[in-house]
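Report on one structure; see the data block that follows.
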Protein chains: 2
Amino acid sequence: MSTTIERSSQYKVIGKDVLRPDGVDKVTGRAVFADDVHLNGMLHAKVLRSPHAHAKIRSIDVSEALKMPGVRAVVTSEDFPPIPEGIVKEEGAAFFALASDKVLFRGHAVAAVAADSPHVADEALSKIKVEYEVLKAVLDPREAMEPGAPVLHEKLNPMSFGARLEQHSPNALQQITSMGDIEQGFREADVVVEREFTTKTVHQGYIEPQSCVVDTAPDGSVTIWSTCQGPFRHRDNTADLLQLPQNKVKVIPTEIGGGFGGKEVPYLEPMAAILSRKTGRPVKITMSRSDVFEGTGPACASYMRVKFGAKKTGELVAAHLYFCFEAGAFPGAPVGGAVGIGLGRYKIPNQLVEGFDVVVNKPRTQPYRAPGATQIHFATEGVVDELCEKIGMDPIEFRLKNVVQEGDRNVQGVPFLRIGGVEVLEAIKNSDHYKTPLEGPNRGRGVALGFWRNGGGMSSCSISVHPDGTVSIIEGSPDLSGTRTGIGMQAAETLGIPFEDVRITVVDTDSVGYTMGSWGSRTSFATGWAAIEAARDVNLKMVERASSIWSVPPEEVEVSDGTFYHRDDGSKKFTFKQLAARLNATGGPVVGSSVVDPTRGVGPAFAANVVDLEVDPETGKVTILRYTVAQDVGQALHPGMVEGQLEGGTVQGIGWALNEEYFFDNDGQMRNSSFLDYRMPVALDVPMIDTIIIEVPNPGHPYGVRGVGENNIITPPAAIAAAIHNAIGVRMTDLPMSPGYVLQALWQQNGH
Amino acid sequence: MSTTIERSSQYKVIGKDVLRPDGVDKVTGRAVFADDVHLNGMLHAKVLRSPHAHAKIRSIDVSEALKMPGVRAVVTSEDFPPIPEGIVKEEGAAFFALASDKVLFRGHAVAAVAADSPHVADEALSKIKVEYEVLKAVLDPREAMEPGAPVLHEKLNPMSFGARLEQHSPNALQQITSMGDIEQGFREADVVVEREFTTKTVHQGYIEPQSCVVDTAPDGSVTIWSTCQGPFRHRDNTADLLQLPQNKVKVIPTEIGGGFGGKEVPYLEPMAAILSRKTGRPVKITMSRSDVFEGTGPACASYMRVKFGAKKTGELVAAHLYFCFEAGAFPGAPVGGAVGIGLGRYKIPNQLVEGFDVVVNKPRTQPYRAPGATQIHFATEGVVDELCEKIGMDPIEFRLKNVVQEGDRNVQGVPFLRIGGVEVLEAIKNSDHYKTPLEGPNRGRGVALGFWRNGGGMSSCSISVHPDGTVSIIEGSPDLSGTRTGIGMQAAETLGIPFEDVRITVVDTDSVGYTMGSWGSRTSFATGWAAIEAARDVNLKMVERASSIWSVPPEEVEVSDGTFYHRDDGSKKFTFKQLAARLNATGGPVVGSSVVDPTRGVGPAFAANVVDLEVDPETGKVTILRYTVAQDVGQALHPGMVEGQLEGGTVQGIGWALNEEYFFDNDGQMRNSSFLDYRMPVALDVPMIDTIIIEVPNPGHPYGVRGVGENNIITPPAAIAAAIHNAIGVRMTDLPMSPGYVLQALWQQNGH
C-alpha cells in the first residue's frame, strides 16, 4: 500500500507514473550490462587474490602461467607506473591498484591473467607463484587503535571524502566536533542513558557483479565499458593510476545491476587496461560472487558508544557520540558524513561527536546507501528509545519535541530551510498502522526516526531539439534506480512537452560535461536540475528564434507550457512542435546545454518507521509482521519509483538488522562469501512494505525535489531493535539481530 | 611531390601535419566499421532484388522461405507503413524502401530475409516466389524524353536537392537559367564551337560496402549502427519511412570506408529495422559487391550539347549548355547544382543553361564527389580547348583572360569574394611540369580548369574541458577523409592548446545537435566552424571563471593563445591547464557548445590540372606520364591530408576518364558488377600525382578554410581529353576514353 500526503497537482508531467523507458529492456534481458559487451578478439581475465590478511610480497613468478596455451598476458603491480603522490594517493584510492609491497587483506588483488577464455585464465592463476612473508594481522578496530597493534601503512592519508581528518594513532584517523558544554549538559539532564553498540560488516548486495571490458589503443588511449556508478570517477582514477591525460580515457557506462555505493571505484579497469595494452586486444573481467564479497568494498563494521541526557519533560540536553568505523585495509570509512549527521535530527544544545576511521586487515569498505548513517542511527535511536522508556514518554511525542525544524541550525551553524521531520512523525502517528493496536505474546512495535543530508555536486546535460519537436537528452548519471525517467520528466515539464517526446540517454565521459557519480541521493536532484537548466536554455533559444521569425524583439516573446507567443499579438503563436519544425531553416538547430553545481540547494530529509514484529523465543527468529515507512521526498517525480525506493531501502535495512554479516575467521578469511551463506532477505522474509510519501517541497530546488534513495535504509535496524525490546524486553545493541544473537540476549536476560 | 604556395604561418596548430588520431586504428584493423559490430543474438539478412528492369509485381509468396530452418522473418513492402505524402516522397526518397507495386530497375530491392546466418538468408532468397508482369523498359535518357516512351512514375516529384524543377515530359524534369542575350552573343562571336558529349554511369568505388546493424526495441525505437555519410539524414529518412518520431531513431555512425556521395541514404536500415521488430533481435545486413553495384546509386550518365562563342582576342561572349542527366529509376540527378556551376568559372555575358533530370530503368543515381561537375566540365572544357585551338591561343592564357575574379558576379548575380582562379592557373603555368617540354610520338599535354561551389549548412559541436586541461570534442560529421583531425585542429587553435590535448569523437544523433552529412566539401568548413564557435564559447566561460576567481569584472580578463590574464595586473594569469584545474571547485565544469549554419561564408574554389600522356596507337591504351594539380584550398588545415584529397580525387577522375563505366545489356542488366570487371585505376595505372596547394584564404571563414574534397575530381577527364587530342589529334567526346573507344575514334579519324 502506498499513500501520498500533500500531493501537489501543479505539474503536468512531474508526479505522474509515466512508463519508464528502460523497463521493458530490463525485464526482457535486452538491456546491455557490462558483461553483455562482446568485442572482436576479446580476451577474458581473472584476478589472483591474496590468501593472507597481512603479508609482505617477496616475489611473484608468472613464468609458468605465461607458458600455458591460451594465456596472453599477466599483469602485476610492476606494470603500473609508480602510484603518484597526487590525487590518487590523496584520495586513498591505491586500494584498487594491484598490491605491490604488501597485501593488506584476504582478497587483495595481486595479479591478473588475460587468456582466450575465462576458464584458461582461471586455471592460469594457480600457476602464478607468489612468495609471501606472513605478517601479524589486526582485525578489530579497537585492537587496531591499541599501542603495539600491527601497523598497516607507513602513513595514513588524512583525506576522506574531501574532509580532512586528524591522525589519532598509526592505524586511526579521527574527527571531532562539539557544540555547547557537554559536561554542563549532562549535569542538567534528569535522565542519562549510556550504551555501547556494534555492527558488523555488511554487503550492498547488488545482483550484478563488477564487470568491465577495456580496450587500449596503440596510442595508449583507453576505452572502458563498465558497470559503474560514477563514470567520471572511473575515468579520473584510471587516468591517474595509468598516468594518462583525462581525455585519453573514455568510460562508457553500461546498464548497472545495482550499486548502492559499492560500484564507485574502478577495481578492475586499470588492470584490464594494462592487459589490453600488452595484448593489443580488448579484455573483459567479470567478478565471481566471491570476488565481489572478498575483493570489493562492503559497508563498514562499527563500534559505537552513545550517551544521551534528557529532561523529564523530554528535552534532550546533552549527547556524546563516540564511534569507530572499521575502514578496512585503507582509510576512508564515512566518518566525516557520520559526524555531520549523527546527531543532526535533534535539537541538542550540548554535544560532542568523536569519530574514528580505523584501518584493519579486511577489504577496504565502501559507501552503502546513506553511508555511516544506519550504524549511527541504530545506536542513537536505540538510546532515545531507552530514554523514552525511562521518562515514560511516547517515542513519537519525544521525537516531535526534539526534532529540528525550519530555522533551527545544523552543526555547521547554518539554519535549516523548510524540512519535513514533523511531517513524517505526524504521518506515522496518524497512520492506520500506528493507530491499530498490536496484540499477542512476544510481539512488539518500534518506531525510529532517520535523517539524511542528501547530496549535490556537479552535473551536466544537453538537449537537442529535433525537427519533429521531439527531443533527445544526454546526461552523465548512470541510472541505478530509474533516474533517467525522473530527469527526463523534469526536462519535459520545463519544456512543456509530453514525457513521450523526450528520449534520454546516459552517455560516455567524452560526450557530456563532468558529472559526479550516481550516489549520495544526488542524481534526480542535481542532474535533474541540469536537465531543467538545459531545457531553460532551449526555451531561451527558441524564444529568440520565434522573435526572429516574427521580427519582434525577444523580450516581447513569451513561453509558457510549451507554447511560444507574442505577449500582445494573439496571431503570433507557435506550439513547441511548430517552432521546432522551423528551426533548421531559420538559423540552424537548437541545442540547450547546462552544467550545474546546486550543492547549496540540497534539501535534507527525514524518514520515520513503525514496525510490528514477533520474536520466536525458542529460536530467536524475528518475523516482521507489518512495516510502514513515511519519508519526506520533497516532490515525488515518479511516485511509483519513489515507492520502490522506500520499499527497497527498507528491505535492505531489515536485512542489515536481522541477518546480514560477514563472518571472518581468525585469519581474516571471509567464511560466507556466497549468496547461499550471506543471508540477504528474500521476498518470503518480509511483508509488503507500506509507504507514505510525504511531499514537503525542497525550497532549494526548482521543483522541490529532495534526494530519495538513501534515507530509507537508515531507520529499520533502530526501529526493529525498539520493537524487539517492546516484544521481549531485551535491548539488542549489536547487529545483526539474527536468531542466535537474539537467543543469546534472551538467555542472558533470563540469567542463563 | 607536393608544393604549397602562399603558406601562412600565422597559426600554431593549423597548417601542421599533426598525427591523425584514427590513423593507427585504421591501418591495423582496430577501427570498428559497421560490419564489425556484433550484438548478442544478432541475425543476418539478405536482400532479394528484381531480375527485371521494369515490371509489375503481381504477388510475392514468402511462405516457403519462412519454412526454412534458421529463417526468422521476411520483410516486403507490405510491412512498411504507406509511404507518406510528406517529406520522404518530396525528397524522392522512396527509392530506398522496398518496391511495392512495380520494380523500376534490375537490382531494385523487393524483399529481405533475416536468418541465423547470412548463408541461410541467402539460400532463403531463392525460395521467395515473386510473380512479375514484365514491362517495356527505357534505358536511355534521350529515348525516355521521347513521346511514347515507357513511363516509370505516375508523377515526378519536382524537388531535387532542395531545388524545384519544372516538369518537362512524363520522365523528365528541367531547370533553365539564362543571362544576357544568347542569340546576340553568338552573333558577336568570331569563333563558335558546338559539340555533343556523353558520359557513362560510373561508381564511387568506395571499398567498404553498405552495412548496418539495426536493433528495434519493443517500444518501437530503433538503434542503427551504420556506415553512412549523414547520420541525421539516415535518422530522418528512417523515421519518416517507419513513421516514428525522430527521437525514437538513433543512428550511431561507425567508421566509414569511403562514401564519395554513395552513402547518403539508408538503403538497408529501414528494412533491417522491420526485420528486427519482427524478430525481437538485432539484424545485420551487409551488401555484397554486386549488391553495391546493382542496388545503390552510382554517378549519373549524361548527354550534353555545348556551344561556346568567343572573340578572336579570346573573350568568351556566348555559351549554350544543354544537358540530360540520367537520374535512374527516380528523379534526383544533380541538375540544379550543375546548372548553377556549369559555366560559373568564366565571365560569359550571354548564356543559356538547360538541364534535364531524366528517369530511366536503372539504379537511382547518387552524388559522386562534386556531383554533376565532372560531366559538365568534360564537355565545356573540351569546347574551350577546341576554341583555344581555333583562335590559336595558349589554353592557360585563354582561361586567365576569362576566369571569374573577385567582384565578378555569379549566375545568381552575387559578386564573388576573393577567389583563387587566377592563382591556380598561374601555379600551373609556373610549374616545373608545364615549363618542361614534352617530347616523343603519340604524346600530348592537356590542361583544364575546374570550379566548385563547395557547401555550407548546419553543424553542431560540443567541447568538454577536463580538470587536467585536456578537452573532449563531440561532433556529428562522419570522418571520410580525416575531417575529425581538421575539426579538432580548429578547436585547438581557437583554444590555444596543443592538438594532442584534444580528443574528438563522432557521436550518435542523440548526443549532438543536428549536423548535415559529410558531403559537399562542407565538413571541415562547417563542422570546423562549429568547433571554433564551441571553443569560443569555452573561452568565454573560462574568462568568466577567471574573473570570478580574481574578483574582477569579466571585461578586464583577456584570453590569448591559451592564456587567461588580467589586462592590467600582470600577477593575474592562468594557463589553460591551470584554469581548467580550478573549474570544478569554482562553479562546476565548463562545456562549450555551438550550432552553426555558415552557408553564407562558403568560399568556392578552383583547381587547374596539367597532364602528360602517351597513347598507344595499336591498342588505344592511354598511359598517364605526369600529372600536376593545383587547387585553391583556402587554408590547408593539415597539408598532408589535403595532398591526399588532391591525389585521391585526381585518381578517381583518371578512372572516370579512362576506364570506368557500367555495362548494361539491353535488358538493363549490369554486366560488370564486380571490381574484377569494373575497372578502377590501381596504383600501377597512375603516376605519382604532383600537387600544388594554393592558399587563397576564404574571407567567409575565420581561418580562411574552403572545401577541399570534391574539386579535384572535376578536371581530369577534360585535361586528359585535351592531352589525347594534343597527342593524336582526336577529340574524344565520350567517356570513358578506354582503349576500345580511343581506337575506334582513331580509326574513324583515319577513315577506317
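Data table
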| item | result |
| --- | --- |
| Protection proxy ranking, peptides B:327-337, A:273-283, average beta carbon neighbours within 10 Å, highest first | B:327-337, A:273-283 |
| Efficiency of FRET between B:D190 and B:S169 - r from beta-carbon atoms, R0 30 angstrom, step 0.05 | 0.25 |
| Peptide B:459-469 - average C-beta neighbours from other chains (10 Å radius) | 6 |
| 14 Å reach of a label modelled at A:Q748, 7 Å along Cα-to-Cβ, counting backbone N of the stretch A:663-681 | none |
| At most 11 other Cβ within 10 Å, DSSP loop - GluC sites (Glu not before Pro), the stretch A:551-642 | A:E618 |
| Mean projected area in nm² (Cα convex hull; one quarter of hull surface) for chain B | 34.2 |
| Entries of B:K26/B:K362; B:K67/B:K284; A:K347/A:K429 with Cα pairs more than 26 Å apart | B:K26/B:K362 |
| Average silhouette area of the stretch A:111-152, convex hull of alpha-carbon atoms, in square nanometres | 4.5 |
| Theoretical ellipticity at 222 nm over the protein assembly as shown - DSSP helices of four or more residues, -39500 (n - 2.57) apiece, nearest 500 | -8000 deg cm²/dmol |
| Placed amide H near A:R364: partners under 5 Å, 5+ positions off or other chain | A:A329, A:F330 |
| Charge-dipole axis of chain B as Lys and Arg at +1 and Asp and Glu at -1 on Cβ define it, positive-most pick from B:L139, B:I428, B:I128 | B:I128 |
| For peptides A:507-515, B:676-684, sequence by mean Cβ density within 10 Å, most packed first | A:507-515, B:676-684 |
| Spatially proximal lysines relative to A:K155 (Cα-Cα < 16 Å; intrachain offsets below 8 disregarded) | A:K89, A:K102 |
| The stretch B:676-745 and the stretch A:52-82: distance between their alpha carbon centers, rounded to Å | 59 |
| Test item: B:229-239 mean partner chain Cβ contacts at 10 Å | 1 |
| Convex hull of the protein assembly as shown built on C-alpha atoms - directionally averaged projected area, nm² | 62.1 |
| Relative contact order (%) - chain A, alpha-carbon pairs under 8 angstrom, separation at least six | 16 |
| Gain upon complete extension [A:K67, A:D101; 0.36 nm per residue less C-alpha separation] | 9.7 nm |
| Within the stretch B:290-311: backbone nitrogen closer than 14 Å to the B:L684 label point (7 Å, Cα to C-beta) | none |
| Unit charges on C-beta of K, R, D, E only; dipole of chain B, Debye | 560 |
| Estimated FRET transfer efficiency when R0 is 60 angstrom, pair A:S59-A:S178 (beta carbons, to 0.05) | 0.75 |
| Cα→Cβ-extended label distance, 7 Å offset, between B:D116 and B:T623, nm | 5.7 |
| Convex hull volume per residue in cubic angstrom - Cα atoms of the stretch B:459-596 | 95 |
| B:K401 versus B:V27: modelled label distance in nm, points set 7 Å from Cα along the beta carbon direction | 4.9 |
| Loop GluC sites (Glu not before Pro), the stretch A:101-200 (other Cβ atoms within 10 Å of the site Cβ: 12 or fewer; DSSP) | A:E154 |
| Dipole axis of chain A (+1 Lys, Arg; -1 Asp, Glu on Cβ), positive-most option in A:F232, A:V335, A:N666 | A:F232 |
| Gap separating the Cα centres of the stretch B:531-597 and the stretch B:609-662, nearest whole Å | 47 |
| Cβ-placed point charges (K, R +1; D, E -1), dipole of the protein assembly as shown about Cα centre in debye, nearest 20 | 140 |
| Top positive-direction residue, dipole computed over the protein assembly as shown with Cβ charges, set A:H119, A:P349, A:I176 | A:H119 |
| Computed FRET value (nearest 0.05) for A:D616 with B:K278, which takes r as the C-beta separation and R₀ as 60 Å | 0.60 |
| Per-residue mean of C-beta atoms belonging to partner chains within 10 Å, peptide B:295-306 | 0 |
| Sparse-neighbour loop sites [trypsin sites (Lys or Arg not before Pro); the stretch B:291-339; at most 14 other C-beta within 10 Å; DSSP] | B:K311, B:K312 |
| Residues in the stretch B:273-297 that a label on B:I207 would reach, taking backbone N under 16 Å of a point 7 Å out along Cα→Cβ | B:289 |
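Bear in mind these aren't lab numbers, they're just calculated from the coordinates by the rules spelled out. Everything quoted here is computed from the prediction, not taken from an experiment. Counting neighbours? That spans all protein chains shown, and the Cβs are built from the backbone with ideal geometry, glycine included.
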